[in-house]
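Shown next, in structure tokens, is the structure this report addresses.
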Amino acid sequence: MNHLPLIIRREYFTKVKNKSFVIMTFLSPIIMIALVAVVAYLSQLNNDKQRTISILDETGYLKDIFDNTENTTYTNLSGLSLTDALVVVKEKEDYGLLHIGAVDSLSVFANNVKFYSQDSPSLSIIRGLEQKIEKRLRELKLQKDGVTIAQIEASKTNIEIAQESFDGEKSSKIDNIVKLAFGGAAGYLLFMFIIIYGNMIMRSVIEEKTSRIIEVIISSVKPIQLMMGKIIGTSLAGVTQFVIWVVLGGVLMVVVSTIFNIDLTQVKTPQQEMMNQAMQAEGAQAMAENLIVAVGHLPMTNLIIAFMFFFIGGYLLYSSLYAAIGAAVDNETDTQQFMLPILMPLILAVYVGVFTVIEDPHGTVSTVFSFIPLTSPVVMLMRIPFGVPLWQQGLSLLLLIGTFILAVWFAAKIYRVGILMYGKKPTYKELFKWLKY
Amino acid sequence: MNDLLVANSVSKSFGKFKALNEVSIAVPKGSIFGLLGPNGAGKTTLIRIINQITMPDQGTVLLDGQPLKPEHIKDIGYLPEERGLYKSMKVGEQCLYLAQLKGLSKSEAKKRLKYWFEKLEIGDWWNKKIQELSKGQAQKIQFVVTVLHQPKLLIFDEPFSGFDPINANLIKDEILQLREEGATVIFSTHRMESVEELCDHIALIHKSNKVLDGKLNDIKRQNKTNTFEVGLESMDSDKVFSEIKAKFEVLPATFRNLNDDIKLNIKLGEQTSPNDLLSFLTSRAQVHHFVEVIPSASDIFIQTIKNN
């Protein structure tokens, strides 16, 4: 008798109807969006803050390099002594005082620049001031050697290396960023999915043990059917939750940003900074065009198909291990010793993905890890946007499926014996013995 | 074919531990078969093998003359000792689910559940969650789920634990009625009074081996010691006592009686009939109490385990 659909349906509906599941499903995106909105709002406040920086330049070299900007006003306090200037700045409650002491020669200039302030100044402001002074000094030194400003300006060149593959396909820097974004998103999604829903499967197996219903069930269905039913049912519940998150998150994002007029994309992430740099280099117009071209360059069909296979394969592999852990222990606190061997390869995969694949998508490390079954789903998904030969994908997938079958066999063995074992905290040695029962 | 279930020299080991050693049993159709034994003797392993939860290392199990196969699951109803239900699932939903796992259609399961819920007066529990019920109430649900698919073979492991005497009686009557309707019952328990009350046959498993097997009455007959418990009243009890002692093997006895003159267990030899004893006694004293000592299931259990 095939009870699989029945079991899947029960697992799915008990998960989906569970109160905490429903609450999590609808509350999480709200909380997430609220957090993002708060951060965006605060950083906007921060950006809008007006500050005044006073300049006391005793050398006279630098007085005309500080131009007022939208948020920062510079006041020139030339003529005052340092002590007087400090009193003035304190009274006016300025952000701070930049003091450039008198010097005999340009070479010792650097030692005489100092910033006074009430609180420690923000890193970006100091960096900004430093850049201005450095630039001015370089110009001064060059002028001293007889180079004119015009010559300096003329010497600047902006290089943007155009890229073209042997097949004649044109691409740009933005291509790599887009590839990284796609690969990273796919790998990270899988990672999160495994952790969240793998745990859910484990808990549901433990629940059956602690409520002692397992023997009743197991006298009607085969353990492997129950296990597969659990894995599939929970995964479907997971997909449901994920879809709701994405849809709800998207809708909320639009609603919140229109109501409060906050640009949520203002929240800076490192990736965006990379994009911004690329954007500055090319100009916004060209950038938008390049972005579309770059997405077009992605091996989309390959990406989607590979995503489905590696996602499902990787998820099933890990979730059967989670199910086996759930069967081996009596309660959740005992799971710790078995969790580490599962989490290690998963975390390793993400690290390899983030550090190595970005640097060299087809290097030895990336390639090797995209074949090892426990890390391959995440690493391969990150590599694929960069173009992986089909034979590599196929071989990796084959290895993954082979390991998956092995893992299910192993998990089913542990599961079959474990679900009927109570009161014992199993060791690895014992688990090994169970395989032979 | 009179035996519904036959196990032929079934063995099972877990690692080095031998849980069952060539155990054979035959459960006659329509009987209530007591599967007895101390804790850890291997009863549960045998029951799990019958339920196809574990596979035997050696030996075969036949149900209705056929080797066990997956289709037989719907012919067996099993109430395990370690039992429970999904705590956060509603009673009705849960019963339907478990019934469907046993191969019933949803509509059929609903119909039968309605019948049982009315019979046990638990109709208003349908939408309650298991965690809102008491332990005894949950046990009732569990019993209904076990018998709902009208299996040929019912296996109850400690069915009365968790029940108050009233509900235990109710369940006992249900089991007897199911037997009347043609079901065969394997019954595993440590409560010897219910063995006494219910079982026709028993098998005793001790340290992975079957040590005793047969009809309960036959076993009792084999184990009786031809001893009679007597209560006598006499004017001259000392004299009567010494006369009896001279002729028979005598042991002191305790039982409740209105008179407390002479209470004895008298063991008869092969040659003497109970009537001889009785006429011997009536000629000397007033007989208030004359009962053959029949070994209880509990006595047989303890005695057999001790001898092994």
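Among the strands (runs of 3 or more DSSP E) confined wholly to segment B:144-256, which include 2 or more residues that are crowded, with 20+ Cβ neighbours inside 10 Å and in contact with a helix residue (DSSP H, G or I) (Cβ under 8 Å, 6 or more places away or on another chain)?
B:153-157, B:184-188, B:201-206, B:227-233
Of everything in segment A:88-106 that's of a type outside the set (Asp, Glu) and more than 16 Å from A:Leu62 (Cβ to Cβ), which residue is nearest to the chain's Cα centre (by Cα)?
Ranking the candidates gives A:Tyr95 first.
Could you count how many residues in segment A:182-228 are in contact with a Lys or Arg (Cβ under 8 Å, 6 or more places away or on another chain), surrounded by 19 or more Cβ atoms within 10 Å (Cβ to Cβ) and either over 19 Å from B:Tyr86 (Cβ atoms) or of a type in the set (Lys, Arg) (or both)?
Counting residues in segment A:182-228 that are in contact with a Lys or Arg (Cβ under 8 Å, 6 or more places away or on another chain), surrounded by 19 or more Cβ atoms within 10 Å (Cβ to Cβ) and either over 19 Å from B:Tyr86 (Cβ atoms) or of a type in the set (Lys, Arg) (or both) gives 1.
Could we say that A:Ile7 is within 30 Å of B:Tyr86 (Cβ to Cβ) and in contact with a Leu (Cβ under 9 Å, 6 or more places away or on another chain) here?
Answer is yes for this residue.
Output yes when any residue across segment B:34-48 is within 11 Å of another protein chain (Cβ to nearest Cβ), charged (D, E, K, R) and touching a Lys or Arg at 6+ places or on another chain (Cβ under 6 Å), and no when none is.
No - not one qualifying residue is present in segment B:34-48.
Got a number for residues in segment B:103-114 being closer than 22 Å to B:Gln137 by Cβ, in contact (Cβ under 8 Å) with a residue 24 or more places away in the chain and either within 10 Å of chain A (Cβ to nearest Cβ) or basic (Lys, Arg) (or both)?
Final tally of qualifying residues: 1.
For segment B:31-47, give me each residue that is assigned to a loop (DSSP other than H, G, I, E, B) and at pLDDT below 90.
Across segment B:31-47, the qualifying residues are B:Gly37, B:Pro38, B:Asn39, B:Gly40, B:Ala41, B:Gly42.
Looking for something assigned to a helix (DSSP H, G or I), modelled with pLDDT of 90 or more and closer than 19 Å to A:Thr14 by Cβ - is there at least one such residue anywhere in segment B:74-88?
no
When you scan segment A:1-109 for helices (runs of 4 or more DSSP H) that lie fully inside it, which ones turn up with 3 or more residues that are assigned by TED's automatic domain parsing to the domain that holds A:Gln225?
Filter on segment A:1-109 gives A:4-17, A:19-48.
With respect to A:Leu381, determine if the residue is surrounded by fewer than 23 Cβ atoms within 10 Å (Cβ to Cβ) and not basic (Lys, Arg).
When the stated conditions are applied, A:Leu381 does not pass them.
Can you find a residue in segment A:259-274 that is among the hydroxyl-bearing types (Ser, Thr, Tyr) and modelled with pLDDT of 85 or more?
Checked segment A:259-274: no residue is among the hydroxyl-bearing types (Ser, Thr, Tyr) and modelled with pLDDT of 85 or more.
In segment B:210-239, which residues are out of contact with any strand residue (DSSP E or B) (no Cβ under 6 Å at 6 or more places or on another chain), under 30 Å from B:Ile262 (Cβ atoms) and of a type in the set (Gly, Ala, Ser)?
Result: B:Ser234, single match.
Looking at B:Pro165, B:Pro70, which is the one that is assigned by TED's automatic domain parsing to the domain that holds B:Glu197 and within 22 Å of B:Leu198 (Cα to Cα)?
B:Pro165
Sort through A:Met192, A:Met202, A:Met228 and tell me the only one that's away from chain B (no Cβ under 13 Å), without any contact (Cβ under 8 Å) to a residue 40 or more places away in the chain and part of a helix (DSSP H, G or I).
Going through A:Met192, A:Met202, A:Met228 in turn, the sole match is A:Met192.
If you check A:Ile33, A:Ile53, A:Ile126, which single one turns out to be within 30 Å of A:Met253 (Cα to Cα), under 42 Å from the mean Cα position of the chain (by Cα) and of a type in the set (A, V, I, L, M, F, W, C)?
A:Ile33
Let's see how each residue does on (1) surrounded by 13 or more Cβ atoms within 10 Å (Cβ to Cβ); (2) in contact (Cβ under 8 Å) with a residue 12 or more places away in the chain; (3) of a type in the set (S, T, N, Q); (4) assigned to a loop (DSSP other than H, G, I, E, B):
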| position | (1), (2), (3), (4) |
| --- | --- |
| A:Ile125 | yes, yes, no, no |
| A:Glu139 | yes, yes, no, no |
| A:Ala154 | no, no, no, no |
| A:Thr157 | no, no, yes, yes |
| A:Phe166 | no, no, no, yes |
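Within segment B:51-96, restricting attention to residues that are touching a residue at least 60 places away in the same chain (Cβ under 8 Å) and over 17 Å from B:His149 (Cβ atoms), which residue is nearest to the other protein chains (Cβ to nearest Cβ)?
That would be B:Glu81.
Given the options A:Val365, A:Val354, A:Val388, A:Val408, name the one that is within 33 Å of the chain's Cα centre (by Cα), at pLDDT 85 or above and either of a type outside the set (Ser, Thr, Tyr) or surrounded by fewer than 20 Cβ atoms within 10 Å (Cβ to Cβ) (or both).
Selected residue: A:Val365, the only one of A:Val365, A:Val354, A:Val388, A:Val408 that is within 33 Å of the chain's Cα centre (by Cα), at pLDDT 85 or above and either of a type outside the set (Ser, Thr, Tyr) or surrounded by fewer than 20 Cβ atoms within 10 Å (Cβ to Cβ) (or both).
Of B:Glu22, B:Glu82, which residue is in contact with a strand residue (DSSP E or B) (Cβ under 6 Å, 6 or more places away or on another chain), under 27 Å from A:Phe432 (Cα atoms) and in the same structural domain as B:Ser161 (by TED's automatic domain parsing)?
Result of the check over B:Glu22, B:Glu82: B:Glu22.
Before we move on, is B:Leu104 farther than 21 Å from B:Thr184 by Cβ and buried (at least 18 other Cβ atoms within 10 Å of the Cβ)?
The answer is no for B:Leu104.
Check off (1) out of contact with any helix residue (DSSP H, G or I) (no Cβ under 6 Å at 6 or more places or on another chain); (2) at pLDDT below 80 for A:Leu435 and give me the number that stays unchecked.
Single failed check for A:Leu435: (1).
Only one of (1) under 24 Å from B:Ile175 (Cα atoms); (2) surrounded by 22 or more Cβ atoms within 10 Å (Cβ to Cβ) is not met by B:Val23, so which one is it?
(1)
Determine whether A:Ser54 is of a type outside the set (A, V, I, L, M), in contact with a helix residue (DSSP H, G or I) (Cβ under 9 Å, 6 or more places away or on another chain), more than 14 Å from chain B (Cβ to nearest Cβ) and under 30 Å from A:Trp245 (Cα atoms).
Against the criterion (of a type outside the set (A, V, I, L, M), in contact with a helix residue (DSSP H, G or I) (Cβ under 9 Å, 6 or more places away or on another chain), more than 14 Å from chain B (Cβ to nearest Cβ) and under 30 Å from A:Trp245 (Cα atoms)), A:Ser54 does not qualify.
Scanning for something in contact with a Gly (Cβ under 8 Å, 6 or more places away or on another chain), more than 14 Å from chain A (Cβ to nearest Cβ) and outside any strand (DSSP E or B), does segment B:12-27 turn up at least one residue?
No, the conditions are met nowhere in segment B:12-27.
Considering only residues of segment A:129-147 that are among the basic types (Lys, Arg) and under 38 Å from the mean Cα position of the chain (by Cα), which is nearest to A:Asp84 (Cα to Cα)?
A:Lys132
In the set B:Ile175, B:Ile186, B:Ile166, which member is of a type outside the set (Asp, Glu) and over 22 Å from B:Ser296 (Cβ atoms)?
That would be B:Ile166, the only listed residue that is of a type outside the set (Asp, Glu) and over 22 Å from B:Ser296 (Cβ atoms).
The values are calculated or read from the model by the stated rules, or taken from the named source; none is laboratory data. Computed from a predicted structure; not experimentally measured. All Cβ positions, even for glycine, are placed from backbone atoms using ideal geometry, and neighbour counts span all protein chains on display.
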